[in-house]
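Comments concern the structure below.
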Amino acid sequence: MKPTQQTLQQVERALLKVAAKFPSGQDAVMTDILLQVKPDSGELLAFNDDMEELTRIVVDQWLEPTEENLYANAANVIKQCITHLKPQIEQMAILRPFSFVMIDEERETISDVYLVDDDTMMIDTELLKGLDEELDKFLVDLLKD
């Protein structure tokens, strides 16, 4: 499902509220941002590592009971919004590396949505698919010699 303009604005507002909790110029804290989508209420919640709620919004488009692949669609919307708000997100007073992580209702990681390090920025975990197998093969080839 393609996100509406209203959905993008709602998610961007939530991300800006999170960024406002960590204004640049303050002492940097060590945390990741955990994002949880609740399918039954359409809510998007953001937490720090201590599960302290940073913000909560209701995304009207996510209230539709016919929404398939809600988590994947929500992750794509969040990625799109973070990319649009990249300057504000990267100025947050959070020690690097930090990431935005999508979690489910049991607080288990669904996906890493966005990772920021001084030298690295990862917006999509698809870039790392197969890396373990390639490294294993490299190690086996290296040890053969």
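Every number in this text was worked out from the coordinates using simple rules, so none of it is lab data. All values derive from a computational prediction rather than experimental measurement. Cβ coordinates were reconstructed from backbone atoms using ideal geometry, including for glycine residues, and neighbour counts include every protein chain displayed.
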> Helix 5-21: angle to the longest alpha-carbon principal axis of the chain, degrees 0 to 90, nearest 10?
Replying inline: 70
>> Suppose R0 equals 25 Å. What FRET efficiency, 1/(1 + (r/R0)^6) with r the Cβ-Cβ distance, do residue 38 and residue 76 give to the nearest 0.05?
In response: 0.90
>> For the stretch 5-144, take N as its residue count and report Rg(C-alpha) divided by 2.2 N^0.38 Å.
In response: 1.16
> Of the beta bridges DSSP finds with both residues in the stretch 5-144, what % are antiparallel, to the nearest 5?
Replying inline: 80
> Any idea how far apart residue 133 and residue 17 come out in nm if each label point goes 7 Å out from Cα toward Cβ?
Replying inline: 4.2
>> What is the angle, in °, between the Cα long axis of helix 70-84 and the longest principal axis of the Cα atoms in the chain? Nearest 10 is fine, range 0 to 90.
In response: 90
